Amino acid sequence: MFIIKGGFMKQMICVLSAAVLIMIVSSCSPMAYAEKAPGANLENYRRYAWVETKDSKNEDASNPAAFAKLSIQNAVNEQLRKEGWVLVTNEPDVLISYDILVEKGETRRDDPVYTRPFIRYYFNPWLRRWGTIYYPSNFLGYESYNVPYKEATVTISMMDAKTDKKIWQGWTTQEMNKSLMTRSQVRSSVKSIFRKFDDEV
């Protein structure tokens, strides 16, 4: 007879619980994409600095995504520290920038429509009492309408500080519930992007 000891069962339950938790977290995270320049070796880089992007060289205005600057930079710094990278102010190996593109759109939604259920009463003269007849709801079709939405694409770009050539870029898109991205949305976007970065390092 095959006997499973209690300690083994507890270990199996813990392992399965952890696996389920990872699946839930992964399913809640936005899908991320990344591309690395041919021949680029990210192992050769360890020192980085931040740079800002502009729509044109003569533009004086700040990045339109400046509202999320602190949140994104903090989230990226946290991820890069785990990789052994160091934020410096002099002689960086890599220049890092971020951008957030917010776009509006509409999605088509179809909701089922049913009649309202109702009850009718009748009088039974032979039994001299009231009875009820129930009329269930019936399916009528679908009501179609457009729902506006906003989605934000967060992009992290890395350039070689000596050649100014892009060596790596990662991005992800997720729907926004508010006019601006929340701190938790920024963090989840950055984490998703750097899962792709981990695959390259």
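Below, the figures for the structure above:
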item: The range 164-201, subset assigned to a loop (DSSP other than H, G, I, E, B) and polar (S, T, N, Q), residue surrounded by the fewest Cβ atoms within 10 Å (Cβ to Cβ); result: 179
item: Check on residue 160, within 30 Å of residue 74 (Cα to Cα), out of contact with any Phe, Trp or Tyr (no Cβ under 9 Å at 6 or more places or on another chain) and not β-branched (Val, Ile, Thr); result: no
item: Residue within the range 49-68 that is among the basic types (Lys, Arg), over 30 Å from residue 156 (Cβ atoms) and over 25 Å from the mean Cα position of the chain (by Cα) present; result: no
item: Test: residue in the range 133-155 that is out of contact with any strand residue (DSSP E or B) (no Cβ under 7 Å at 6 or more places or on another chain), of a type outside the set (Gly, Ala, Ser) and either assigned to a strand (DSSP E or B) or over 18 Å from residue 93 (Cα atoms) (or both); result: yes
item: Members of the range 159-201 found to be among the polar types (S, T, N, Q) and modelled with pLDDT under 85, listed by number; result: 177, 179, 182
item: Options 98, 122, 134, 114: the member that is in contact with a Gly (Cβ under 6 Å, 6 or more places away or on another chain) and hydroxyl-bearing (Ser, Thr, Tyr); result: 122
item: Among (1) modelled with pLDDT under 95; (2) not assigned by TED's automatic domain parsing to the domain that holds residue 193, the one test that residue 150 misses; result: (2)
item: Sole residue being surrounded by 10 or more Cβ atoms within 10 Å (Cβ to Cβ) and outside the structural domain of residue 95 (by TED's automatic domain parsing), chosen from 125, 117; result: 117
item: Unmet criterion (only one of (1) without any contact (Cβ under 8 Å) to a residue 24 or more places away in the chain; (2) among the small types (Gly, Ala, Ser); (3) within 25 Å of residue 54 (Cβ to Cβ)) for residue 184; result: (3)
item: Index of the failed condition, residue 46 passing every other in (1) modelled with pLDDT of 85 or more; (2) under 26 Å from the mean Cα position of the chain (by Cα); result: (2)
item: Looking only at the range 63-98, and only at residues there that are surrounded by 12 or more Cβ atoms within 10 Å (Cβ to Cβ) and assigned to a loop (DSSP other than H, G, I, E, B), the one that is modelled with the lowest pLDDT; result: 64
item: Test result for residue 104, under 30 Å from residue 184 (Cα atoms), surrounded by 11 or more Cβ atoms within 10 Å (Cβ to Cβ) and among the basic types (Lys, Arg); result: no
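The values are calculated or read from the model by the stated rules, or taken from the named source; none is laboratory data. In this text the structure is predicted, and so the values were computed from the model without any measurement. All Cβ positions, glycine included, derive from the backbone under ideal geometry; neighbour counts span all protein chains shown.
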